[in-house]
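**Q** Sharing a structure with you now.
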Amino acid sequence: MKQLTAATRARYFRRQLVDRIMGGLCIAAAGVGLILLALILWMLFSNGLGGLTLDVFTRPMSQPGSGGGLANAIVGSLLQVGVGAMIGAPLGMMVGVYLSEVGKGSRFASVVRFVNDILLSAPSVLIGLFVYQIAVLPFGGFSGIAGSIALALIAMPIVARTTEDILRLVPQAYRDGAIALGSRENEVVRKVVLPAAFGGILTGVLLAVARIAGETAPLLFTSLGNDVWSTDMTQPMASLPMAIVRYSNTPYPEWVSLAWTGAMLITVGVLVLNIASRFSYAAVAGKQGG
Amino acid sequence: MNTPATPAIGARKIHPADTTFRLSLHAAGAIVVIVLLSILAIMFMGGKLAFDTFGLGFIWGTEWNPVTQIYGALPAITGTLVTAILALCIAWPIGFGIAFFLTETCPEKLRTPLGVAIELLAAVPSIVYGMWGFFVLAPFMSEYVQPWLTNTFLWIPPIGDSFFWFTAPPIGVGMLTAALILAVMILPFIAATTRDVLLSTPQLLKDGAYAMGATRWEALTGVVIPAVRGSLFGAVFLGLGRALGETMAVVFVIGNAIRMPDSLMAPSATIASVVANNFPEAEPGTLDLAVLLALGFILFVVSFGVLAVARLLLRQERMS
Amino acid sequence: MDAAMTTDTQQPTARPSRTMPMAAPAVTSTSAAAAPTRIRLEHINAFYGQKQALFDVNLDIPDNTVTAFIGASGCGKSTLLRCLNRMNDTIPGAHVDGAIRMDGTDINSPEIDPVQVRTRIGMVFQKPNPFPMSIYDNIAYGPRTHKLYGSKADLDELVERSLRRAALWDEVKDRLNKSGLGLSGGQQQRLVIARTLAVSPAVILMDEPCSALDPIATAHIEALIDQLREHTCIVIVTHSMAQAARVSQRTAFFHMGKLIESGSTDQIFTMPKLDQTQDYITGRFG
């Protein structure tokens, strides 16, 4: 075999070196990512865990020094996220079904898909401002309902996108089989396609819920937050994010501690939902495999 | 033996179930479009007072004075653009590195956990980043980083004294800090999107490069990146769109000084932070509220443009 | 129309074989006395958008018989099959002219409901496609959709009967509530056939039903097809001429969208009238 020239060998080593350096930088980048996650979680838990008492869940927000908790904020968040999801998820699913099954090649469907993608990434502060103008101003006040509407508008495009994506993965063979047995269009979708995609659709819903659970800006303009215990959704309503905002930039240590605990609770909830959504997706992926 | 005779096959009927089905689905699609158009329309109408008062000069106005009721959007617009672009410059190389690591050099066993970690990072609510910035990063910046930057660069004339460099008092809040927080926020997002793009390149392309003796880095830069260049730009634009509209992460650390910034370290404002901070005091029907809505309209138009471009780039290559 | 018209099936089973380059495989199934026509295709022209896929096809498909469509890839045999149960309706831009008469009705007419056509004419696809549901639910899908049963007991009986007819009952009777996807390829295809039988179709269309299966599973399916023709009319598209020769009594040969020749399987394989047919059968092309 011909002996490699010195020049070739030098070039080879240099190329290897570049590759190694770049590889190393990439490892460093990944390390940065992991460190960040660890730092954030550590920060949350070290500051928030200390304030995690039963009082947090049982006592409503109150003045510093009188031993308050976050109960009304937690309930308020659950209510608004729940109602928001109940409005936004079914609507999103219908849009997803439309885009995948009925609209398919039509021009209107392309427009809807495009608009949906824009809404998906639209700044949530603008959604909040929008709902303020249509659901708060005309009705003379902030309310939990307005908050729910804002959250629904954020959840809907997420569910629409994930639903469409998962429906596209359902094999055409299933639809053909159902059509060949004399099913109507809506029967094919209802009885065969949707059940087959159920796990994936659930994933999308969970992801959407995780997203809106952590949203603050839309609530700033719609439900505002409430210091007293209230489950009346036509009135301003407390929520965890708003409580955090209220309590953070203050000189009272108890309030700051509660803000940390609240942030920790939200983050844990969001992360749990994310992990749960993965299992849901795995369940449907397993089904298709057979 | 014959097969059983079939009853006469009947005439075509319009089935109400199918009609309802189609109609309701079309209606859902229509609602999506109506929502977008409504947002644009309502934002514009709400901010109309501002545009009527200041004309299009509102966009270029540099003075923001609630007392004299003279408002201009340029400080907020500048803050938004500078923080977003700076954040992108910081986040993109790291995010890209993570994505490349995940798709190429990462050992198999680590791939899923690392991917999950990145996605969890992306899921952390923005208010948490805001708190992190307020309680951790800002003090750190004011005590260590900013003095160091000022001292290091001050003696390099003309950089030390000139516009946009490190010449403000080190109070920790300002565009630089906000840009850093934004960078941390959009980092996992860019990593995940870029990873998806890289994963979608056909293995055949990479195999071809390796077969010719290319190193991993060379295969990446020579073959993969050119093939998915459009989608990579799309991912970048998507990250930019995120950064432009981010509120909670920024509002705690930007300092809320609505004037044209003269230094990266000076307190500043973004459109989102102005809207969030000034909303509580703005009375309905007043100019104060109208300018906020006008700012929102401007932000929406800009975001819309950026996101539309991102989508075009991403979908184009996804379909082909 | 004349060259393509069906020849009569009045010959006795064994024909003296001529000096042909390839001896045709022996056709063991007996050709019955002339079976009545179940479906009559008249002047069928099919289009996908601007592209024409079928040119003036005229064909009679007799009852209680297995009719095979053979021809090279892309010759239009699958397209014609799909015309029979109006599956082409689901393809945007597809369009079929001509009459398809069954029991006196032109089922290709736009006034006829394709959904009802499909309850009388079933289809089995190339790759087995059981639904991701239990075996029981797979079979019960058709009856439930069209309300073909009275009580749960009726449905149970219908499921069992369909599975027996598809020669699958013994293998799955203990796991009816397990997923249909857990079966082997051959079993899945029999499951699909049972599912089709559950709505009691008069005609079953099969689009290369064995091409995704191993030889043993294929043999099972072919035996099943032979049993089924006693009560049903079967039309099968196949790439394998050996299979066509084994399983069918009538054969129609297509090329480039035209029906070249049709007749009894015997006759097509031993004494084709046209050179083109002979060339295909002997493997000169396709």
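**Q** For the stretch B:217-245, name all the residues that are within 30 Å of B:VAL274 (Cα to Cα) and buried (at least 19 other Cβ atoms within 10 Å of the Cβ).
**A** If the condition is that a residue be within 30 Å of B:VAL274 (Cα to Cα) and buried (at least 19 other Cβ atoms within 10 Å of the Cβ), then B:GLY234, B:ALA235, B:VAL236, B:PHE237, B:LEU238, B:GLY239, B:LEU240, B:GLY241, B:ARG242, B:ALA243, B:LEU244, B:GLY245 are the ones that fit.
**Q** Of all helices (runs of 4 or more DSSP H) completely enclosed by the stretch C:179-253, which ones contain at least 3 residues that are closer than 19 Å to C:GLU160 by Cα and free of Cβ contacts under 8 Å to residues at least 40 places away in the same chain?
**A** C:185-197
**Q** Next question. Answer yes if at least one residue in the stretch C:141-158 is under 18 Å from C:THR232 (Cβ atoms), more than 12 Å from chain A (Cβ to nearest Cβ) and either surrounded by 18 or more Cβ atoms within 10 Å (Cβ to Cβ) or not aromatic (Phe, Trp, Tyr) (or both), and no otherwise.
**A** yes
**Q** In addition: Residue check: is A:LEU202 closer than 30 Å to C:ARG195 by Cα, within 17 Å of the chain's Cα centre (by Cα) and in a helix (DSSP H, G or I)?
**A** Yes; evaluated as a whole, the condition is true for this residue.
**Q** Further question on the same structure: Among the listed residues A:ALA283, A:ALA213, A:ALA243, A:ALA276, which satisfies the condition of being over 22 Å from A:SER124 (Cα atoms), in contact with a Gly (Cβ under 7 Å, 6 or more places away or on another chain) and either modelled with pLDDT under 90 or within 14 Å of chain B (Cβ to nearest Cβ) (or both)?
**A** A:ALA283
**Q** Mind listing just one residue for me: the one in the stretch A:141-178 that is within 29 Å of C:ASP137 (Cα to Cα) and in contact with a strand residue (DSSP E or B) (Cβ under 9 Å, 6 or more places away or on another chain) and, of those, nearest to the other protein chains (Cβ to nearest Cβ)?
**A** By that ranking, first place goes to A:GLY177.
**Q** Determine, yes or no, whether C:ARG164 is surrounded by fewer than 24 Cβ atoms within 10 Å (Cβ to Cβ) and either of a type in the set (D, E, K, R) or within 24 Å of C:HIS220 (Cβ to Cβ) (or both).
**A** yes
**Q** I'd like to know if the stretch A:79-88 contains one or more residues that are farther than 30 Å from A:GLU187 by Cβ, within 14 Å of chain B (Cβ to nearest Cβ) and either out of contact with any Ser or Thr (no Cβ under 7 Å at 6 or more places or on another chain) or touching a residue at least 24 places away in the same chain (Cβ under 8 Å) (or both).
**A** yes
**Q** Restricted to the stretch C:97-107, and to residues that are surrounded by 20 or more Cβ atoms within 10 Å (Cβ to Cβ) and in contact (Cβ under 8 Å) with a residue 40 or more places away in the chain, which residue is farthest from the other protein chains (Cβ to nearest Cβ)?
**A** This residue is C:ILE100.
**Q** While we're on this one: Pairs, please: C-beta under 6 Å, at least 6 apart or cross-chain, first residue facing chain B (nearest Cβ under 9 Å) and in a helix (DSSP H, G or I) and in the stretch A:21-35, second hydroxyl-bearing (Ser, Thr, Tyr) and surrounded by fewer than 18 Cβ atoms within 10 Å (Cβ to Cβ)?
**A** Once the first residue is facing chain B (nearest Cβ under 9 Å) and in a helix (DSSP H, G or I) and sits in the stretch A:21-35, its partners that are hydroxyl-bearing (Ser, Thr, Tyr) and surrounded by fewer than 18 Cβ atoms within 10 Å (Cβ to Cβ) give A:GLY23/B:THR105.
**Q** If you don't mind, there's one more thing I want to ask. When you go through (1) at pLDDT below 85; (2) surrounded by fewer than 23 Cβ atoms within 10 Å (Cβ to Cβ); (3) in contact with a Leu (Cβ under 8 Å, 6 or more places away or on another chain) one by one for B:ALA123, which number turns out not to apply?
**A** Condition (1) is where B:ALA123 drops out.
**Q** Hey, another quick one. Considering only the stretch C:126-140, state which residues are facing chain A (nearest Cβ under 8 Å) and among the aromatic types (Phe, Trp, Tyr).
**A** C:PHE131
**Q** Still on this structure, I have one more. Name every residue in the stretch C:219-233 that is β-branched (Val, Ile, Thr) and in contact with a Ser or Thr (Cβ under 7 Å, 6 or more places away or on another chain), in order of residue number.
**A** If the condition is that a residue be β-branched (Val, Ile, Thr) and in contact with a Ser or Thr (Cβ under 7 Å, 6 or more places away or on another chain), then C:THR232 is the only one that fits.
**Q** Now for a different question. Would a scan of the stretch A:100-111 turn up a residue that is surrounded by fewer than 24 Cβ atoms within 10 Å (Cβ to Cβ), closer than 24 Å to B:GLY245 by Cα, in the same structural domain as A:THR216 (by TED's automatic domain parsing) and over 16 Å from the mean Cα position of the chain (by Cα)?
**A** yes
**Q** Related question: Does B:PHE304 satisfy the condition of being over 16 Å from the mean Cα position of the chain (by Cα), at the interface with another protein chain (Cβ under 10 Å from one of its Cβ atoms) and surrounded by fewer than 24 Cβ atoms within 10 Å (Cβ to Cβ)?
**A** It is false that B:PHE304 is over 16 Å from the mean Cα position of the chain (by Cα), at the interface with another protein chain (Cβ under 10 Å from one of its Cβ atoms) and surrounded by fewer than 24 Cβ atoms within 10 Å (Cβ to Cβ).
**Q** Out of the stretch B:99-119, which residues are in a helix (DSSP H, G or I) and either touching a Cys at 6+ places or on another chain (Cβ under 7 Å) or free of Cβ contacts under 8 Å to residues at least 12 places away in the same chain (or both)?
**A** Listed by number, the residues that qualify are B:PHE100, B:PHE101, B:THR105, B:GLU108, B:LYS109, B:LEU110, B:ARG111, B:THR112, B:PRO113, B:LEU114, B:VAL116, B:ALA117.
**Q** Filter the stretch B:262-320 for residues that are part of a loop (DSSP other than H, G, I, E, B) and either out of contact with any strand residue (DSSP E or B) (no Cβ under 8 Å at 6 or more places or on another chain) or not small (Gly, Ala, Ser) (or both) and give the result.
**A** B:ASP262, B:SER263, B:LEU264, B:MET265, B:PRO267, B:THR270, B:ALA282, B:GLU283, B:PRO284, B:GLY285, B:THR286, B:SER320
**Q** Another one. Which of the numbered conditions does B:ALA214 fail, given that it passes all the others? Conditions: (1) more than 11 Å from chain A (Cβ to nearest Cβ); (2) surrounded by fewer than 19 Cβ atoms within 10 Å (Cβ to Cβ); (3) farther than 22 Å from B:PHE135 by Cα.
**A** It is condition (1) that B:ALA214 fails.
**Q** Would you mind stating whether C:LEU259 is in contact with a Leu (Cβ under 8 Å, 6 or more places away or on another chain) and modelled with pLDDT of 95 or more?
**A** It is false that C:LEU259 is in contact with a Leu (Cβ under 8 Å, 6 or more places away or on another chain) and modelled with pLDDT of 95 or more.
**Q** Same structure again: Any idea which of B:THR53, B:THR68, B:THR62 is in contact with a Pro (Cβ under 7 Å, 6 or more places away or on another chain), farther than 26 Å from A:PRO241 by Cβ, surrounded by fewer than 22 Cβ atoms within 10 Å (Cβ to Cβ) and more than 10 Å from chain A (Cβ to nearest Cβ)?
**A** It is B:THR62.
**Q** Would it be correct to say that A:VAL56 is of a type in the set (A, V, I, L, M, F, W, C), within 14 Å of another protein chain (Cβ to nearest Cβ) and at negative phi?
**A** In short, no.
The values are calculated or read from the model by the stated rules, or taken from the named source; none is laboratory data. The shown structure was predicted, so the numbers you read here are calculated from the model rather than taken from an experiment. Reconstructed Cβ throughout: ideal geometry from the backbone, glycine too, with neighbour counts over all protein chains shown.
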